[in-house]
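Below is one structure; the comments refer to it alone.
The values are calculated or read from the model by the stated rules, or taken from the named source; none is laboratory data. Here the structure is a predicted model, which is why all the values come from computation and not from measurement. Cβ coordinates were reconstructed from backbone atoms using ideal geometry, including for glycine residues, and neighbour counts include every protein chain displayed.
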Amino acid sequence: QKEVEQDPGPLSVPEGAIVSLNCTYSNSAFQYFMWYRQYSRKGPELLMYTYSSGNKEDGRFTAQVDKSSKYISLFIRDSQPSDSATYLCAFPTSGTYKYIFGTGTRLKVLA
Amino acid sequence: DAGVIQSPRHEVTEMGQEVTLRCKPISGHNSLFWYRQTMMRGLELLIYFNNNVPIDDSGMPEDRFSAKMPNASFSTLKIQPSEPRDSAVYFCASSSLTSGSTDTQYFGPGTRLTVL
C-alpha cells in the first residue's frame, strides 16, 4: 500500500460547482496536513495548512481532516476557471524536513 | 521578496551532455530542497541542504547526479552524463526550517529538462 493515495483525475466540473478533492494516507504519525496548488508550468504553492482534525476554512476553500479514517479533503465552493490546476496533498513528517506528496489531482473548471 | 529563482526555465540537451540547473533560494531561508517531478512518480525529493550542508541525498538517483550549495544564496544540480530518462521538471524549494520543526516549503518555477 502506498503511503499516500490521490486520484489523478482529471476532474472536469462546470463553473460554480462544489469540488471535492481527496487523499488517503496510511501513516498515523502524520500530524500536519497541507494542500498545494500547482498551475500548469509553475511550481507548487501552499494553499491550505492544518494541524488538527476537523475543518479549516479560507474563503472558498475548506480543508477537512479525519484522522480516524486517515482521510483528508479539500472543498472548493463556487469554483472558478481560475481554480483549474493540479492539487497536491502533502504530509510533512513531524519534526523533520520530509514531505510526502500525493501525485496530484488535475482539476479543470469549465466556463 | 522575489521568491525562489531557478534557471534555466527550459533545457533541451542531447544524451551524454552535462546539464547544470541553478537555484537561488529565498533570502533568509536556511533549508534548500531539490525535487524532480514526473507524471509517473510525482514529486520526488532528490537532496536536502541545511545551512549549506547536504543532509540527505538518499533520493539522488545515481552517481550521475550531484548537487552543491557553495553559499546560502546559490545551489546547483548537475547531471553528467544526461540520459533520456532524466527528462522531467526539476524544482528547487526553500524553507526556514529549524531543528525539530516543520516549516512551509516554497517552490521555484522549475526547470523543464528534455534529454533527447
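This table checks each residue for (1) closer than 19 Å to B:Gln105 by Cα; (2) among the small types (Gly, Ala, Ser); (3) at pLDDT below 95.
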residue	(1), (2), (3)
B:Gln17	no, no, no
B:Lys24	yes, no, no
B:Gly28	yes, yes, yes
B:Arg36	yes, no, no
B:Asn50	yes, no, yes
B:Ile55	yes, no, yes
B:Lys78	no, no, no
B:Asp86	no, no, no
B:Phe91	yes, no, no
For this session: Tell me, yes or no, whether the range A:88-104 has at least one residue that is touching a strand residue (DSSP E or B) at 6+ places or on another chain (Cβ under 9 Å), within 28 Å of B:His29 (Cα to Cα) and modelled with pLDDT of 95 or more.
Result: yes
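Residues are listed down the side, and each one gets a yes or a no for (1) closer than 23 Å to A:Tyr97 by Cβ; (2) out of contact with any Leu (no Cβ under 7 Å at 6 or more places or on another chain); (3) surrounded by 15 or more Cβ atoms within 10 Å (Cβ to Cβ):
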{"position": "A:Gly16", "(1), (2), (3)": "no, yes, no"}
{"position": "A:Gln38", "(1), (2), (3)": "yes, no, yes"}
{"position": "A:Ser52", "(1), (2), (3)": "yes, yes, no"}
{"position": "A:Thr62", "(1), (2), (3)": "no, yes, yes"}
{"position": "A:Asp66", "(1), (2), (3)": "no, yes, no"}
Seminar exercise, completed: Heads up, the strands (runs of 3 or more DSSP E) in the range A:1-100 (entirely inside) with at least 3 residues that are in contact with a helix residue (DSSP H, G or I) (Cβ under 8 Å, 6 or more places away or on another chain) are none
Exercise. So which residues in the range A:24-38 are in contact (Cβ under 8 Å) with a residue 60 or more places away in the chain, more than 11 Å from chain B (Cβ to nearest Cβ) and farther than 11 Å from A:Ala90 by Cα?
Worked result: A:Asn27, A:Ala29
For this session: Give B:Pro81, B:Pro25, B:Pro54 a once-over and let me know the one that is over 14 Å from the mean Cα position of the chain (by Cα), farther than 30 Å from A:Glu5 by Cβ and not basic (Lys, Arg).
Result: B:Pro81
For this session: Output the residues belonging to the range A:75-111 that are over 16 Å from A:Leu21 (Cα atoms) and within 16 Å of the chain's Cα centre (by Cα).
Result: A:Pro92, A:Tyr99, A:Ile100
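Residues are listed down the side, and each one gets a yes or a no for (1) farther than 29 Å from B:Thr111 by Cα; (2) at pLDDT below 95:
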| position | (1), (2) |
| --- | --- |
| A:Lys2 | no, yes |
| A:Val19 | yes, no |
| A:Tyr32 | no, yes |
| A:Tyr49 | no, yes |
| A:Arg60 | yes, no |
| A:Ser68 | yes, yes |
| A:Ile76 | yes, no |
For this session: Quick one: in the range A:78-92, of everything that is within 13 Å of another protein chain (Cβ to nearest Cβ) and in contact with a Ser or Thr (Cβ under 8 Å, 6 or more places away or on another chain), which residue is farthest from B:Gln105 (Cα to Cα)?
Result: A:Thr86
Problem set entry | Residues (part of a strand (DSSP E or B) and either out of contact with any Gly (no Cβ under 7 Å at 6 or more places or on another chain) or within 13 Å of chain B (Cβ to nearest Cβ) (or both)) located in the range A:101-111 | A:Phe101, A:Thr105, A:Arg106, A:Lys108, A:Val109, A:Leu110
Seminar exercise, completed: Restricting the range B:18-48 to residues that are of a type outside the set (A, V, I, L, M, F, W, C) and free of Cβ contacts under 8 Å to residues at least 40 places away in the same chain, the one nearest to the other protein chains (Cβ to nearest Cβ) turns out to be B:Gly42
